[in-house]
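What follows draws every value from the coordinates through simple rules; no lab data is involved. Just so it is clear, the model here is predicted, and its values are computed rather than measured. Note that we place each Cβ from the backbone using ideal geometry, even for glycine, and neighbour counts take in every protein chain shown.
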Amino acid sequence: MSESSFLRPALGKMLPYAPGEQPPPGKYIKLNTNENPYPPPSPVVEAIRSAAGGPLNRYPDPMATAFRRAAAESLGLPGPEWVLAGNGSDEILTILVRGLVGEGQRLRLPYPSYILYRTLADIQAANWEQVGFDPGWQPPDAFGQSDSDLRLVLLPNPNSPSGTVVPPPRVSELAESLDCPLVVDEAYVDFAEQNCLELVQQNERVMVTRTLSKSYGLAGVRFGFLVAQPQVISEFAKIKDSYNCDALSIAAATAAMGCGEWLRETCSKMNVTRERLAVRLTELGFEVTPSQANFVWCTHPSGHHEAMYEYLRNNQILIRYMQFPSWGDGLRISVGTDEQVDACLLVLNRFLEQVSSSK
Ligand SMILES: *Cc1c(COP(=O)(O)O)cnc(C)c1O
């Protein structure tokens, strides 16, 4: 890669973030980017249709007020001023890093985890450091230690790629021991048993990000949000683009906030599929990390992870092969429909039979 001299040096040095593969629809059974296999609730689709008949020649509401009201009500927050809407939670994370971490300062993330945070630090010409999870996927005390350059700590909870959860009391403890903000990325929290919203009300340095991409089946719409104390929200609102959310996505997200029953039913259905997937993988000899998200992390004693990924891919099934330097590799499989998961297990079984018969 050539470094064009007119760009900021930080850009020349950085590697681009590589999102999971998005092939043309229909070609693969797609279990690689933790999308919902089910379509979004029908009131959301109706709201988009109806908004498409609205005044699209006019700019949307810059603060997405209707959404903030609906979100505050559905989440039991004191009011809409606790919510900031964004063009996906990735935009919210960008706003947080821009607002909190300056050039030469540092953010912290756990390892292995969601590496987009590193890209956001790189763009800022900021530094990042990774603190390894312990063998039970819990952050060690070092994760909560402050110093003067440390400006932001990020914790995906449930974590990706493990699907594991740090219990809210432990998150609270970490936040108390830190001088800087702790952002809990709750992209997968609707599949989990607990969340950290209450901590936001107790400590202005705790912030929670959410997305509609996973549990609500709206990855294609691009909508996420931040929950933080009102005096914090109003500061971050200065950083966002004036019209960061469009009229159609605001309508969709507002309607989604009224679909609590759909959400609970869909998530519990997917959690049943996840447990079935975990049991069957274990029967195939995999070691499966207990997950509270819509995916599972698994490793096989044979170590043939990359070959399994390739074999599945050649059979029109996409999962994620992940390699974490000095830690190890494995497979992350998203929870699809029961049929999709069965197809994946069938092909994995065939792979393992071929390997053992060729010995
Ligand atoms: C998917 C994901 C996001 C991004 O969500 P968008 O709202 O689609 O931008 C954020 N954090 C984690 C950990 C994710 O896995």
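Quick notes on this one:
- Mean-square fluctuations from a GNM of the chain, with a 10 angstrom spring cutoff on Cα atoms, peak among E306, E265, E275 at E265.
- Projected-area mean, the chain, by convex hull of Cα positions, square nanometres: 19.6
- Length gained when the stretch N314-E283 is fully extended (0.36 nm per residue, less Cα-Cα span): 8.8 nm
- Note on the chain: with a GNM built from Cα contacts shorter than 10 Å, the maximum mean-square fluctuation among Q340, Q130, Q22 falls on Q22.
- As a length-normalised measure over Cα pairs under 8 Å and 6 or more apart, the relative contact order of the chain settles at 23 percent.
- Among the listed pairs K30/K214; K214/K269; K30/K269, those beyond 22 Å (Cα-Cα): none
- For the chain, with +1 on Lys and Arg beta carbons and -1 on Asp and Glu, the positive-most of G99, L31, Q194 along the dipole: L31
- The calculated FRET efficiency for R98 paired with S357, based on their beta-carbon distance and R0 = 56 Å, is about 0.55.
- Where N is the number of residues in the range 303-359, Cα Rg divided by 2.2 N^0.38 Å: 1.17
- Placing dummy labels 7 Å off each Cα toward the beta-carbon, the span from V272 to R69 is 3.7 nm.
- Inter-site label distance for A307 and D338 at 7 Å from Cα along Cβ, in nm: 3.3
- Proximal charge balance of E235 [Cβ under 15 Å; K/R count +1, D/E count -1]: +3
- The range 282-359 versus the range 159-212: alpha-carbon centroid distance in Å: 29
- Altogether, the Stokes-Einstein calculation at 37 °C and 0.692 mPa s, with the Kirkwood radius of the range 52-202 over Cα pairs as Rh, returns a diffusion coefficient of 196 µm²/s.
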